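Report on one structure; see the data block that follows.
The values are calculated or read from the model by the stated rules, or taken from the named source; none is laboratory data. On a predicted model such as this, the values are computed, not experimentally measured, just so you know. No Cβ is skipped: glycine too gets one built from the backbone with ideal geometry, and neighbour counts run over all protein chains shown.
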Amino acid sequence: MMGGPRFRGVVDAAVAAMEAALAALQAQQAQQAQHTRQRPEHEQRLHDEASEGEQPRGSKRQRRGETGQGRGQGARDDGGGAHTRLAQLPLLRDLPRPHVALPPGAMANPGLVVPVIDAPSLEAFMTGYMLAPGGGCPVVIQGVMDNWPALARWQDLSYLERVAGHRTVPVEMGQHYLEESWGTQLVTLGEFIRAHVIDSVTTDAVATHADGPCSGVVDSGHAALTGGCASAAARAALAPGATEGRGARARRRRGYLAQHELFDQIPALATDIRTPDYCALGEDGLRSVNAWFGPAGTVTPLHQDPYHNLLAQVVGRKYVRLFSPAHTNVLYPHPSGMHTNTSQVDADAPDAARFPLYASAPFLECMLEAGQMLYMPPQWWHFVKAVTVSFSCSFWWS
């Protein structure tokens, strides 16, 4: 489990405390607004004139509730008085797609690709995959998510802003949780979307184009690259500062809304997804449902979890590499501390001198597409990397 249950508990408590403080502030503002509405007309006019006299014209800073964000209008002030609405931006699938490098040997051998099947019966899923010899068998399932409203709704950033833009969420900052500089920031979902989805994606795409020809992303069925130039609409929607170069890109820290129980926090988003029936095939039932939302290039290091796991890809695509727990001894897990469930090997750039046996470990892999879900049995090691802007949710059960 990324970060461990103790760390996640601290983050969740911080989010709850911040949201409680925000709710108290909003209640206070509502009470003040009610008091203002009850003033006699002549007193209100004097009050307004006095307020205008205290500040130069146009210098009032609009609070979140006054700009329309709190009411779901999706507007923001860019500092010059002009408002940009998220509804004017392209859908997530229309954003530029910067090149994302995959681990060595990725998608080079069709024999290593996880099989893709149509939704099996509960009995077939249990006997063929959950109880398969060797500790279970990974499989990509399609057809289960066809009736999910999220497949269309979560492409629309204005929808996410309207439903949850004002809610506070924990965002992981840095390449991944094993980095010394890694940390967590509490921001609103709307701020995260602008800073780490729109601005980050468009910046990377423009910088990549400046470094060379229009790049692409790895196609789901091949190792070859396919064209990924931004559409005209996406180019027109580039955020300010999107032309920064390679050096600035390296200094900017990537943000990732990772392993957060967003659907408990925001029930309106929970109505967009459906818990798969397969999660009922266990003794203890569903343990948690987590959200994973971020730009291309976000990484979850090679690790293992103690639960059955269905990773449902809603928006974009992710590359996943899996290793059987039978090969744990050559995956070099951390020997002590809070990351004993995580490998010391950087799957993106394995150090053969430090970890000579890693290359001998057989693996499976897949390019998980929107509308597909990947079943990962308990204790199976997995490395995950977003190839595009990605929004996923994971279902853990035991």
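Among the residues of region 164-185, count how many are of a type outside the set (Asp, Glu) and free of Cβ contacts under 8 Å to residues at least 24 places away in the same chain. Please lay out each step first, then the result.
Step one: of region 164-185, the residues of a type outside the set (Asp, Glu) are 164-171, 173-178, 181-185.
Adding the requirement that they be free of Cβ contacts under 8 Å to residues at least 24 places away in the same chain leaves 182-183.
Total meeting the criteria: 2.
Does ARG254 satisfy being modelled with pLDDT under 95 and surrounded by 15 or more Cβ atoms within 10 Å (Cβ to Cβ)? Lay out the reasoning, then the answer.
Working: modelled with pLDDT under 95: yes; surrounded by 15 or more Cβ atoms within 10 Å (Cβ to Cβ): yes.
It is true that ARG254 is modelled with pLDDT under 95 and surrounded by 15 or more Cβ atoms within 10 Å (Cβ to Cβ).
Would you be able to tell me the number of residues in region 137-158 that are surrounded by fewer than 20 Cβ atoms within 10 Å (Cβ to Cβ) and either among the hydroxyl-bearing types (Ser, Thr, Tyr) or part of a loop (DSSP other than H, G, I, E, B) (or both)?
9
Based on what the data block shows, is SER220 in a loop (DSSP other than H, G, I, E, B), at pLDDT below 65 and of a type outside the set (Lys, Arg)? Steps first, answer last, please.
Numbers: in a loop (DSSP other than H, G, I, E, B): yes; at pLDDT below 65: yes; of a type outside the set (Lys, Arg): yes.
When the stated conditions are applied, SER220 passes them.
Of these, GLU41, GLU123, GLU66, GLU49, which one is surrounded by fewer than 11 Cβ atoms within 10 Å (Cβ to Cβ), modelled with pLDDT under 50 and at negative phi? Steps first, answer last, please.
Numbers: GLU41 fails: modelled with pLDDT under 50; GLU123 fails: modelled with pLDDT under 50; GLU66 fails: surrounded by fewer than 11 Cβ atoms within 10 Å (Cβ to Cβ).
Going through GLU41, GLU123, GLU66, GLU49 in turn, the sole match is GLU49.
Can you tell me which residues in region 271-298 are among the aliphatic types (A, V, I, L, M) and within 22 Å of ALA386 (Cβ to Cβ)? Spell out how you get there, then give the answer.
If we filter region 271-298 for residues that are among the aliphatic types (A, V, I, L, M), which is where we start, we get 273, 280-281, 286, 289, 291, 296.
Passing the criteria: ILE273, VAL289, ALA291, ALA296.
Among the candidates ALA312, ALA361, single out the residue that is surrounded by fewer than 22 Cβ atoms within 10 Å (Cβ to Cβ) and small (Gly, Ala, Ser).
Numbers: ALA312 fails: surrounded by fewer than 22 Cβ atoms within 10 Å (Cβ to Cβ).
When all the criteria are applied, what remains is ALA361.
Looking at region 260-273, is at least one residue more than 15 Å from the chain's Cα centre (by Cα) and farther than 18 Å from LEU160 by Cα?
No, region 260-273 has no match at all.
Can you list residue pairs whose Cβ atoms sit under 8 Å apart, with the first residue in region 138-163 being more than 10 Å from LEU92 (Cα to Cα) and the second being among the polar types (S, T, N, Q) and at pLDDT below 95? Count only pairs 6 or more apart in sequence or on different chains.
Listed pairs, sorted by first residue: GLU161/GLN69; ARG162/GLN73.
If GLY337 meets every condition in (1) small (Gly, Ala, Ser); (2) touching a residue at least 60 places away in the same chain (Cβ under 8 Å); (3) more than 30 Å from PRO98 (Cβ to Cβ) apart from one, which number is that one?
(2)
If you scan region 195-207, which residues turn out to be at pLDDT 75 or above and surrounded by fewer than 21 Cβ atoms within 10 Å (Cβ to Cβ)?
First, pick out the residues of region 195-207 that are at pLDDT 75 or above: 195-199.
The answer is ALA195, ASP199.
Being charged (D, E, K, R) and closer than 17 Å to TRP292 by Cβ is the filter; apply it to region 342-398 and report the residue that is farthest from the chain's Cα centre (by Cα). Don't jump to the end; show me each part of the working.
As a first pass, look at region 342-398 and keep what is charged (D, E, K, R): 346, 348, 351, 354, 365, 369, 385.
From what is left, the residues that are closer than 17 Å to TRP292 by Cβ are 369, 385.
Details: GLU369: 15, LYS385: 11 Å.
Top of the filtered list is GLU369.
Checking the conditions here, which among TYR332, TYR307, TYR358 is within 28 Å of ARG153 (Cβ to Cβ) and either among the hydrophobic types (A, V, I, L, M, F, W, C) or modelled with pLDDT of 95 or more (or both)?
On the way: TYR332 fails: within 28 Å of ARG153 (Cβ to Cβ); TYR358 fails: within 28 Å of ARG153 (Cβ to Cβ).
The unique qualifying residue is TYR307.
Being modelled with pLDDT of 50 or more, in a strand (DSSP E or B) and surrounded by fewer than 21 Cβ atoms within 10 Å (Cβ to Cβ) is the requirement here; does VAL289 meet it?
Values: modelled with pLDDT of 50 or more: yes; in a strand (DSSP E or B): yes; surrounded by fewer than 21 Cβ atoms within 10 Å (Cβ to Cβ): yes.
Yes, satisfied.
Within region 100-128, which residues are farther than 17 Å from GLU369 by Cα, assigned to a loop (DSSP other than H, G, I, E, B) and not aliphatic (A, V, I, L, M)?
If the condition is that a residue be farther than 17 Å from GLU369 by Cα, assigned to a loop (DSSP other than H, G, I, E, B) and not aliphatic (A, V, I, L, M), then PRO103, PRO104, GLY105, ASN109, PRO120, SER121 are the ones that fit.
Is it fair to say ASN309 is closer than 25 Å to ASP284 by Cβ and in contact with a Phe, Trp or Tyr (Cβ under 7 Å, 6 or more places away or on another chain)?
Numbers: closer than 25 Å to ASP284 by Cβ: yes; in contact with a Phe, Trp or Tyr (Cβ under 7 Å, 6 or more places away or on another chain): yes.
So ASN309 fits the description; yes.
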